[in-house]
Amino acid sequence: MCLIIGLIIILYGAYRLYQHFFPAPDINSKDKYVLISGCDTGFGHGLALELDKQGFNVLAGVYVPENVDSLKNKLSPKATVFRLDITKQEDINGAFELVKEKTNVLHALVNNAGIGAGGFIDWITLESMHKIMDVNFFGHVTMTKKFLPLLIAKRDCRVVNICSVMGFITPPGMSAYCASKYAFESFSDCLRREMTPWGLRVCIIEPGCLRTPIIEGHDRLMQELWNGLSSDVRKRWGEDFFNDLLKRAVTNNLLFNYADNPIKVVRALRHAVMNSKPRIRYHPDWYAKFFFYPISMLPAWLVDLFTSQFMSLSLLPAGVKNQIKD
(Lines give C-alpha, C1' and ligand atoms only; values in the text may rest on other atoms or scores of the structure.)
Protein backbone atom coordinates (compact mmCIF):
# COMPACT_ATOMS: atom_id res chain seq x y z
CA MET A 1 0.00 0.00 0.00
CA CYS A 2 2.80 2.43 0.89
CA LEU A 3 4.45 1.64 -2.45
CA ILE A 4 1.23 2.44 -4.32
CA ILE A 5 0.73 5.70 -2.42
CA GLY A 6 4.35 6.67 -3.05
CA LEU A 7 3.97 5.90 -6.76
CA ILE A 8 0.81 8.02 -6.96
CA ILE A 9 2.59 10.95 -5.28
CA ILE A 10 5.55 10.66 -7.67
CA LEU A 11 3.28 10.51 -10.74
CA TYR A 12 1.25 13.47 -9.53
CA GLY A 13 4.43 15.46 -8.86
CA ALA A 14 5.74 14.63 -12.32
CA TYR A 15 2.43 15.67 -13.88
CA ARG A 16 2.45 19.03 -12.08
CA LEU A 17 6.04 19.65 -13.14
CA TYR A 18 5.06 18.87 -16.73
CA GLN A 19 2.16 21.34 -16.44
CA HIS A 20 4.53 23.98 -15.09
CA PHE A 21 7.24 23.65 -17.74
CA PHE A 22 4.93 22.80 -20.67
CA PRO A 23 1.72 24.80 -20.04
CA ALA A 24 -1.28 24.43 -22.31
CA PRO A 25 -1.82 27.41 -24.65
CA ASP A 26 -4.43 30.10 -24.09
CA ILE A 27 -7.48 30.37 -26.32
CA ASN A 28 -8.20 33.22 -28.72
CA SER A 29 -10.30 35.83 -26.91
CA LYS A 30 -11.75 37.32 -30.12
CA ASP A 31 -15.57 37.51 -30.07
CA LYS A 32 -15.79 35.64 -26.77
CA TYR A 33 -18.13 36.88 -24.05
CA VAL A 34 -17.53 36.44 -20.31
CA LEU A 35 -20.14 37.26 -17.66
CA ILE A 36 -18.85 38.07 -14.16
CA SER A 37 -20.98 38.75 -11.07
CA GLY A 38 -19.81 40.82 -8.10
CA CYS A 39 -17.47 43.20 -9.95
CA ASP A 40 -17.76 46.05 -7.42
CA THR A 41 -14.52 45.14 -5.65
CA GLY A 42 -12.15 42.25 -5.03
CA PHE A 43 -11.67 39.31 -7.38
CA GLY A 44 -14.51 40.18 -9.75
CA HIS A 45 -13.31 43.75 -10.19
CA GLY A 46 -9.74 42.65 -10.86
CA LEU A 47 -10.83 39.91 -13.28
CA ALA A 48 -13.03 42.30 -15.28
CA LEU A 49 -10.05 44.62 -15.80
CA GLU A 50 -7.73 41.74 -16.71
CA LEU A 51 -10.04 40.04 -19.20
CA ASP A 52 -10.87 43.38 -20.78
CA LYS A 53 -7.15 43.89 -21.42
CA GLN A 54 -6.96 40.42 -22.95
CA GLY A 55 -9.61 41.29 -25.53
CA PHE A 56 -12.68 39.53 -24.15
CA ASN A 57 -16.14 41.06 -24.30
CA VAL A 58 -16.62 41.55 -20.57
CA LEU A 59 -20.12 41.58 -19.12
CA ALA A 60 -19.65 42.91 -15.59
CA GLY A 61 -22.45 42.82 -13.03
CA VAL A 62 -22.15 45.15 -10.03
CA TYR A 63 -24.35 45.29 -6.94
CA VAL A 64 -24.06 48.97 -6.00
CA PRO A 65 -25.58 51.24 -8.69
CA GLU A 66 -22.97 53.95 -8.11
CA ASN A 67 -20.24 51.48 -9.13
CA VAL A 68 -21.59 51.08 -12.66
CA ASP A 69 -20.09 54.31 -14.02
CA SER A 70 -16.84 54.02 -12.05
CA LEU A 71 -16.10 50.55 -13.45
CA LYS A 72 -17.30 51.50 -16.92
CA ASN A 73 -14.70 54.29 -16.98
CA LYS A 74 -11.94 51.76 -16.30
CA LEU A 75 -12.93 49.36 -19.08
CA SER A 76 -12.81 49.57 -22.85
CA PRO A 77 -15.91 50.55 -24.87
CA LYS A 78 -16.54 46.89 -25.80
CA ALA A 79 -17.26 46.02 -22.14
CA THR A 80 -20.77 46.18 -20.66
CA VAL A 81 -21.36 47.09 -17.01
CA PHE A 82 -24.79 46.73 -15.44
CA ARG A 83 -26.56 46.47 -12.08
CA LEU A 84 -27.00 42.88 -10.91
CA ASP A 85 -28.38 41.49 -7.67
CA ILE A 86 -28.13 37.72 -8.02
CA THR A 87 -30.77 37.20 -5.32
CA LYS A 88 -33.42 38.87 -7.51
CA GLN A 89 -34.92 36.90 -10.38
CA GLU A 90 -35.85 40.07 -12.26
CA ASP A 91 -32.21 41.22 -12.26
CA ILE A 92 -31.06 37.83 -13.55
CA ASN A 93 -33.75 37.81 -16.24
CA GLY A 94 -32.72 41.31 -17.27
CA ALA A 95 -29.06 40.26 -17.45
CA PHE A 96 -30.02 37.27 -19.60
CA GLU A 97 -31.89 39.45 -22.09
CA LEU A 98 -28.95 41.87 -22.21
CA VAL A 99 -26.50 39.07 -22.94
CA LYS A 100 -28.84 37.36 -25.42
CA GLU A 101 -28.99 40.56 -27.48
CA LYS A 102 -25.22 40.45 -27.86
CA THR A 103 -24.48 36.74 -28.34
CA ASN A 104 -25.98 33.27 -28.48
CA VAL A 105 -22.83 31.71 -26.97
CA LEU A 106 -21.43 32.59 -23.56
CA HIS A 107 -17.80 31.50 -23.29
CA ALA A 108 -17.67 31.75 -19.49
CA LEU A 109 -19.87 32.49 -16.50
CA VAL A 110 -17.84 33.52 -13.45
CA ASN A 111 -19.95 33.17 -10.29
CA ASN A 112 -18.04 35.51 -8.01
CA ALA A 113 -20.50 37.57 -5.96
CA GLY A 114 -20.41 36.73 -2.27
CA ILE A 115 -20.79 37.97 1.29
CA GLY A 116 -19.13 36.81 4.48
CA ALA A 117 -20.26 37.00 8.09
CA GLY A 118 -19.12 35.21 11.23
CA GLY A 119 -20.63 34.45 14.60
CA PHE A 120 -21.37 31.45 16.76
CA ILE A 121 -24.52 29.50 15.92
CA ASP A 122 -26.06 30.66 19.21
CA TRP A 123 -25.52 34.27 18.12
CA ILE A 124 -26.55 34.49 14.47
CA THR A 125 -30.15 34.80 13.32
CA LEU A 126 -31.92 32.55 10.84
CA GLU A 127 -32.46 35.66 8.73
CA SER A 128 -28.71 36.22 8.40
CA MET A 129 -28.16 32.54 7.56
CA HIS A 130 -30.80 32.73 4.83
CA LYS A 131 -29.18 35.89 3.44
CA ILE A 132 -25.74 34.27 3.21
CA MET A 133 -27.16 31.16 1.55
CA ASP A 134 -29.20 33.28 -0.88
CA VAL A 135 -26.11 35.14 -2.10
CA ASN A 136 -23.35 32.54 -1.80
CA PHE A 137 -25.36 29.56 -3.02
CA PHE A 138 -28.89 30.02 -4.39
CA GLY A 139 -27.96 33.16 -6.32
CA HIS A 140 -25.19 31.32 -8.18
CA VAL A 141 -27.41 28.30 -8.77
CA THR A 142 -30.06 30.55 -10.32
CA MET A 143 -27.47 32.32 -12.49
CA THR A 144 -26.04 29.01 -13.69
CA LYS A 145 -29.43 27.50 -14.55
CA LYS A 146 -30.51 30.67 -16.37
CA PHE A 147 -27.39 30.95 -18.54
CA LEU A 148 -26.85 27.22 -19.10
CA PRO A 149 -28.43 27.25 -22.61
CA LEU A 150 -25.88 29.86 -23.74
CA LEU A 151 -23.01 27.96 -22.10
CA ILE A 152 -23.73 24.61 -23.76
CA ALA A 153 -24.46 26.14 -27.16
CA LYS A 154 -20.82 25.44 -28.01
CA ARG A 155 -18.32 22.96 -26.59
CA ASP A 156 -15.45 24.03 -24.33
CA CYS A 157 -17.33 26.87 -22.66
CA ARG A 158 -16.99 27.05 -18.90
CA VAL A 159 -18.49 27.91 -15.54
CA VAL A 160 -15.98 29.26 -13.02
CA ASN A 161 -17.17 29.19 -9.41
CA ILE A 162 -15.51 31.09 -6.58
CA CYS A 163 -15.76 28.69 -3.68
CA SER A 164 -13.39 28.71 -0.70
CA VAL A 165 -11.23 26.57 1.55
CA MET A 166 -14.19 27.04 3.90
CA GLY A 167 -15.97 24.62 1.60
CA PHE A 168 -14.01 21.72 3.07
CA ILE A 169 -13.03 22.88 6.57
CA THR A 170 -15.23 24.61 9.15
CA PRO A 171 -13.66 26.67 11.94
CA PRO A 172 -15.79 27.82 14.89
CA GLY A 173 -17.90 30.91 14.25
CA MET A 174 -18.22 30.36 10.49
CA SER A 175 -21.20 27.99 10.25
CA ALA A 176 -23.36 29.99 7.81
CA TYR A 177 -20.52 31.00 5.50
CA CYS A 178 -19.02 27.50 5.45
CA ALA A 179 -22.41 25.88 4.88
CA SER A 180 -22.90 28.05 1.79
CA LYS A 181 -19.46 27.14 0.46
CA TYR A 182 -19.87 23.40 1.17
CA ALA A 183 -23.15 23.54 -0.76
CA PHE A 184 -21.54 25.42 -3.65
CA GLU A 185 -18.68 22.91 -3.82
CA SER A 186 -21.16 20.04 -4.12
CA PHE A 187 -23.22 21.85 -6.73
CA SER A 188 -20.08 22.56 -8.79
CA ASP A 189 -18.94 18.93 -8.72
CA CYS A 190 -22.37 17.68 -9.74
CA LEU A 191 -22.66 20.26 -12.52
CA ARG A 192 -19.28 19.22 -13.94
CA ARG A 193 -20.24 15.55 -14.01
CA GLU A 194 -23.69 16.14 -15.50
CA MET A 195 -22.38 18.48 -18.20
CA THR A 196 -19.53 16.22 -19.36
CA PRO A 197 -21.45 15.09 -22.50
CA TRP A 198 -21.89 18.75 -23.49
CA GLY A 199 -18.20 19.54 -23.10
CA LEU A 200 -18.89 22.24 -20.50
CA ARG A 201 -15.93 22.76 -18.18
CA VAL A 202 -16.56 23.62 -14.51
CA CYS A 203 -13.67 25.14 -12.57
CA ILE A 204 -13.66 25.60 -8.80
CA ILE A 205 -11.49 28.32 -7.24
CA GLU A 206 -10.73 27.68 -3.55
CA PRO A 207 -8.91 30.68 -2.05
CA GLY A 208 -7.57 30.75 1.48
CA CYS A 209 -7.19 34.00 3.41
CA LEU A 210 -6.57 37.04 1.20
CA ARG A 211 -6.56 40.81 1.58
CA THR A 212 -10.06 41.54 0.30
CA PRO A 213 -12.96 43.67 1.58
CA ILE A 214 -14.61 40.50 2.92
CA ILE A 215 -12.11 40.40 5.84
CA GLU A 216 -11.81 44.16 6.30
CA GLY A 217 -13.92 45.55 9.11
CA HIS A 218 -14.43 42.08 10.58
CA ASP A 219 -14.02 43.44 14.12
CA ARG A 220 -16.73 46.06 13.51
CA LEU A 221 -19.13 43.39 12.19
CA MET A 222 -18.49 41.16 15.21
CA GLN A 223 -19.11 44.06 17.57
CA GLU A 224 -22.38 44.92 15.81
CA LEU A 225 -23.46 41.28 16.01
CA TRP A 226 -22.70 41.15 19.74
CA ASN A 227 -24.52 44.42 20.43
CA GLY A 228 -27.60 43.07 18.69
CA LEU A 229 -27.85 39.88 20.76
CA SER A 230 -30.58 39.38 23.33
CA SER A 231 -29.65 39.92 26.97
CA ASP A 232 -29.95 36.22 27.84
CA VAL A 233 -27.52 35.19 25.06
CA ARG A 234 -25.02 37.86 26.08
CA LYS A 235 -25.33 36.77 29.69
CA ARG A 236 -24.80 33.13 28.68
CA TRP A 237 -21.51 33.93 26.98
CA GLY A 238 -20.34 36.97 28.92
CA GLU A 239 -18.68 40.26 27.98
CA ASP A 240 -15.25 39.02 29.05
CA PHE A 241 -15.49 36.02 26.73
CA PHE A 242 -16.54 38.18 23.79
CA ASN A 243 -13.74 40.70 24.32
CA ASP A 244 -11.20 37.87 24.52
CA LEU A 245 -12.66 36.29 21.37
CA LEU A 246 -12.56 39.62 19.51
CA LYS A 247 -8.93 40.15 20.44
CA ARG A 248 -7.78 36.69 19.42
CA ALA A 249 -10.03 36.09 16.42
CA VAL A 250 -9.52 39.49 14.80
CA THR A 251 -6.82 41.68 16.31
CA ASN A 252 -4.28 38.88 16.86
CA ASN A 253 -5.40 36.66 13.97
CA LEU A 254 -2.30 35.57 12.06
CA LEU A 255 -4.36 34.60 9.02
CA PHE A 256 -5.82 38.10 8.77
CA ASN A 257 -2.58 39.88 9.63
CA TYR A 258 -0.62 37.96 6.98
CA ALA A 259 -3.37 37.56 4.40
CA ASP A 260 -2.09 36.80 0.90
CA ASN A 261 -2.26 39.01 -2.18
CA PRO A 262 -5.64 38.74 -3.98
CA ILE A 263 -3.90 39.05 -7.36
CA LYS A 264 -3.15 35.32 -7.05
CA VAL A 265 -6.85 34.56 -7.25
CA VAL A 266 -7.26 36.85 -10.25
CA ARG A 267 -4.46 34.93 -12.00
CA ALA A 268 -6.18 31.62 -11.24
CA LEU A 269 -9.46 33.01 -12.58
CA ARG A 270 -7.71 34.25 -15.71
CA HIS A 271 -6.25 30.77 -16.28
CA ALA A 272 -9.65 29.12 -15.77
CA VAL A 273 -11.28 31.44 -18.32
CA MET A 274 -8.48 31.66 -20.88
CA ASN A 275 -6.54 28.42 -20.85
CA SER A 276 -7.35 25.67 -23.34
CA LYS A 277 -7.06 23.09 -20.55
CA PRO A 278 -8.29 24.70 -17.32
CA ARG A 279 -8.01 22.76 -14.07
CA ILE A 280 -10.93 21.40 -12.11
CA ARG A 281 -9.72 22.94 -8.85
CA TYR A 282 -7.42 25.85 -8.09
CA HIS A 283 -5.71 26.52 -4.76
CA PRO A 284 -4.23 29.90 -5.67
CA ASP A 285 -2.53 30.99 -2.42
CA TRP A 286 -0.13 29.44 0.08
CA TYR A 287 -2.76 29.23 2.83
CA ALA A 288 -5.02 27.14 0.60
CA LYS A 289 -2.24 24.86 -0.67
CA PHE A 290 -0.21 24.17 2.44
CA PHE A 291 -2.45 24.99 5.39
CA PHE A 292 -6.19 24.50 4.93
CA TYR A 293 -6.22 21.74 2.32
CA PRO A 294 -3.77 19.43 4.17
CA ILE A 295 -5.63 20.00 7.46
CA SER A 296 -8.94 19.06 5.84
CA MET A 297 -7.63 15.55 5.14
CA LEU A 298 -6.81 14.81 8.78
CA PRO A 299 -9.15 12.75 11.01
CA ALA A 300 -12.06 14.78 12.36
CA TRP A 301 -10.93 14.52 16.00
CA LEU A 302 -7.51 15.88 15.06
CA VAL A 303 -9.06 18.78 13.13
CA ASP A 304 -11.24 19.51 16.18
CA LEU A 305 -8.15 19.57 18.39
CA PHE A 306 -6.26 21.79 15.97
CA THR A 307 -9.05 24.36 15.62
CA SER A 308 -9.53 24.56 19.39
CA GLN A 309 -5.81 25.09 19.89
CA PHE A 310 -5.68 27.63 17.08
CA MET A 311 -8.37 29.76 18.75
CA SER A 312 -6.67 29.22 22.13
CA LEU A 313 -9.23 31.25 24.06
CA SER A 314 -8.04 32.00 27.57
CA LEU A 315 -11.53 32.52 29.00
CA LEU A 316 -14.55 30.22 29.19
CA PRO A 317 -18.10 31.41 28.47
CA ALA A 318 -19.84 32.77 31.55
CA GLY A 319 -22.42 29.99 31.48
CA VAL A 320 -19.71 27.30 31.52
CA LYS A 321 -18.03 28.99 34.50
CA ASN A 322 -21.32 28.93 36.37
CA GLN A 323 -21.75 25.22 35.61
CA ILE A 324 -18.28 24.50 36.98
CA LYS A 325 -19.03 26.45 40.16
CA ASP A 326 -22.25 24.52 40.67
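Here are a few things to note about the model shown:
- Checked against (1) in contact with a strand residue (DSSP E or B) (Cβ under 9 Å, 6 or more places away or on another chain); (2) assigned to a helix (DSSP H, G or I), residue 181 passes all but a single condition, namely (1).
- Among the residues of segment 159-188, the one identified as surrounded by fewer than 21 Cβ atoms within 10 Å (Cβ to Cβ) and more than 22 Å from residue 121 (Cβ to Cβ) is 187.
- Some residue of segment 110-122 being crowded, with 20+ Cβ neighbours inside 10 Å, β-branched (Val, Ile, Thr) and touching a Phe, Trp or Tyr at 6+ places or on another chain (Cβ under 6 Å): no
- Number of the exception - residue 40 against (1) assigned to a loop (DSSP other than H, G, I, E, B); (2) over 16 Å from the mean Cα position of the chain (by Cα); (3) closer than 24 Å to residue 273 by Cα: (2)
- Residues of segment 106-125 that are closer than 14 Å to residue 174 by Cα and of a type outside the set (Val, Ile, Thr): 116, 117, 118, 119, 120, 122, 123.
- Within segment 224-291, helices (runs of 4 or more DSSP H) holding 1 or more residues that are modelled with pLDDT of 90 or more and surrounded by fewer than 19 Cβ atoms within 10 Å (Cβ to Cβ): 231-237, 239-246, 263-274
- Test result for residue 94, more than 20 Å from residue 273 (Cβ to Cβ) and in contact (Cβ under 8 Å) with a residue 24 or more places away in the chain: no
- Close pairs from segment 228-244: first free of Cβ contacts under 8 Å to residues at least 12 places away in the same chain and under 18 Å from residue 316 (Cβ atoms), partner in a helix (DSSP H, G or I) and not β-branched (Val, Ile, Thr), Cβ under 8 Å, at least 6 apart: 234/226; 234/242
- Test: residue in segment 137-152 that is among the β-branched types (Val, Ile, Thr) and without any contact (Cβ under 8 Å) to a residue 40 or more places away in the chain: no
- Taken over segment 17-37, the criterion of being hydroxyl-bearing (Ser, Thr, Tyr), closer than 20 Å to residue 101 by Cβ and not in a loop (DSSP other than H, G, I, E, B) is satisfied by 33 alone.
- Subset of segment 110-125 [among the aliphatic types (A, V, I, L, M) and in contact (Cβ under 8 Å) with a residue 60 or more places away in the chain]: 110, 113, 115, 117, 124
- Looking across segment 158-188, just one residue is among the charged types (D, E, K, R) and over 15 Å from the mean Cα position of the chain (by Cα), and that is 158.
- Residues of segment 184-212 satisfying the condition of being assigned to a loop (DSSP other than H, G, I, E, B) and either at pLDDT 95 or above or out of contact with any helix residue (DSSP H, G or I) (no Cβ under 7 Å at 6 or more places or on another chain) (or both): 195, 199, 200, 206, 211
- Checking each residue in segment 28-61 for being of a type in the set (Val, Ile, Thr) and either surrounded by fewer than 17 Cβ atoms within 10 Å (Cβ to Cβ) or within 12 Å of residue 80 (Cβ to Cβ) (or both) picks out 34, 36, 58.
The values are calculated or read from the model by the stated rules, or taken from the named source; none is laboratory data. These numbers come from a predicted model, not from an experiment. We place every Cβ from the backbone using ideal geometry, glycine too, and count neighbours over all the protein chains shown.
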